[in-house]
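What follows is a single structure, written as structure tokens, with notes after it.
The values are calculated or read from the model by the stated rules, or taken from the named source; none is laboratory data. Owing to the predicted nature of the structure, the values given are computational and were not obtained by experimental measurement. Please note: Cβ atoms are built from the backbone with ideal geometry, for glycine as well, and neighbour counts cover all protein chains shown. All accessible areas refer to the heavy atoms of the entire protein, side chains included, with ligands and DNA or RNA removed. Shrake-Rupley method; radii C 1.70, N 1.55, O 1.52, S 1.80 Å.
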Amino acid sequence: MRLDQFVSQALQISRNEAQKLIRAGFISVNQTVVTKAPTNITADANVTYDDEPLSLPGLLYLILHKPLGVISATEDPSQRTVLDLIKHPHARLLHPVGRLDKDTTGLLLLTNDGQWSHRITTPRQHVPKVYLAQLAEPLSQLAAQQLLQGVLLHGETQVVAATKIEILPKQQVRLTIHEGKYHQVKRMLAAVGNRVITLHREQIGGLQLDPRLQAGDWRLLASTEIELVFASQEPPLPPLKSHVFSGVS
Ligand code: URA
């Protein structure tokens, strides 16, 4: 790797800025000041900036307990984003894996590994996502059946179905979906005449939200957890013909 590339990634600055630091003599490689930006360095080179060791971020995988009121974006001129919650030297390299609405809480993954996030979000991989919803009305058995069979949402051409629904006390339901369409859970519940009051994501694939994480807390994933996301993938059953239309757009 070229020295200017290494310095720009390690310090998260532009290649141009990195070249200026190198030319000005701030960067040493293996205890020797190097002023030529295109110098190639080996993987085990000891690079320092003003005598402070530099390292590359590598691949990062984080789990966040998303709180209410922050948006699933990397930056925004007026609203707090999930990245504002991550105090990590390489936070600005991260992106959220899919989105949770501003008023949805729960499990959100962040990474700088584009392939991993694509594997999780692409509907082809059938990674299940489990949500706990507080509803305005009790969910009838008939409505649960409709959700399992498939509902057609406004503006969509294909029906979407839940693959599992648990009707819980106090007008709560736990449901599993495999896609990640805009406002999908809220629109599905609206399609069967109900309304979501609060929504919380509990699980992605085989990975559950860590109960030790309070809202707003995050931690790095353990290496075993990075693949756990792809455990327990069952392809959804094909939705049946009958469906209802969503009342919201
Ligand atoms: N479905 C929704 O309606 N909102 C979310 O944030 C996630 C899934």
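The table that follows gives values for the structure above.
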{"read-out": "Residue-level accessible surface for residue 118, protein heavy atoms, 1.4 Å, Å²", "value": "100 Å²"}
{"read-out": "Full-stretch length increase - residue 170, residue 212 - with 0.36 nm per residue and alpha-carbon distance subtracted", "value": "12.6 nm"}
{"read-out": "Stretch gain in nm, segment residue 45-residue 76, where the contour uses 0.36 nm per residue and the Cα spacing is subtracted", "value": "7.4 nm"}
{"read-out": "Percent accessible area from carbon and sulfur atoms, region 155-240, protein chains only, probe 1.4 Å", "value": "54 percent"}
{"read-out": "Per-residue SASA entry for residue 1, accessible area with 1.4 Å probe, Å² rounded to 10", "value": "80 Å²"}
{"read-out": "For region 1-58, accessible area per residue (1.4 Å probe, heavy atoms of protein chains only), Å²", "value": "60 Å²"}
{"read-out": "Probe 1.4 Å, all protein chains present, accessible-area order of 137, 179, largest first", "value": "137, 179"}
{"read-out": "Net lengthening on full extension, residue 179/residue 232 (0.36 nm per residue, minus Cα-Cα)", "value": "17.6 nm"}
{"read-out": "Solvent-accessible area per residue for region 141-212 (1.4 angstrom probe, square angstrom)", "value": "50 Å²"}
{"read-out": "Rounded percent of accessible protein surface that carbon and sulfur make up, region 6-48, 1.4 Å probe", "value": "50 percent"}
{"read-out": "Too-long pairs where the Cα-Cα distance tops 19 Å, listed order kept, from 102/170; 102/181; 129/181", "value": "102/170"}
{"read-out": "Charge dipole of region 1-154 about the Cα centre (unit charges at C-beta), most positive-ward option of 70, 9, 88", "value": "9"}
{"read-out": "Note, ³J(HN,Hα) from phi for region 52-65, Karplus 6.51, -1.76, 1.60, rounded to Hz, x at Gly and Pro", "value": "9, x, 10, 9, 7, x, x, 8, 10, 9, 10, 10, 10, 8"}
{"read-out": "Anchor residue 20: lysines whose Cα lies under 21 Å away (excluding residues fewer than 8 positions away in-chain)", "value": "36"}
{"read-out": "Coordinate range along principal axes, alpha carbons of region 1-134, Å, largest first", "value": "62, 34, 20"}
{"read-out": "Listed residue (57, 127, 177) projecting farthest to the positive dipole end of the chain, Cβ model", "value": "177"}
{"read-out": "Kirkwood hydrodynamic radius (C-alpha pairs) into Stokes-Einstein, region 118-238, 4 °C and 1.567 mPa s, D in µm²/s", "value": "85 µm²/s"}
{"read-out": "Residue 26-residue 88 FRET efficiency (beta carbon distance; Förster radius 35 Å; 0.05 resolution)", "value": "0.90"}
{"read-out": "Helix-only CD estimate at 222 nm, as mean residue ellipticity for the chain, using -39500 (n - 2.57) per DSSP H run (n ≥ 4)", "value": "-5500 deg cm²/dmol"}
{"read-out": "At q = 0.07, 0.10, 0.11, 0.13 Å⁻¹, base-10 log of I(q)/I(0) for the chain (Debye sum, equal scatterers on each alpha carbon)", "value": "-0.33, -0.59, -0.68, -0.84"}
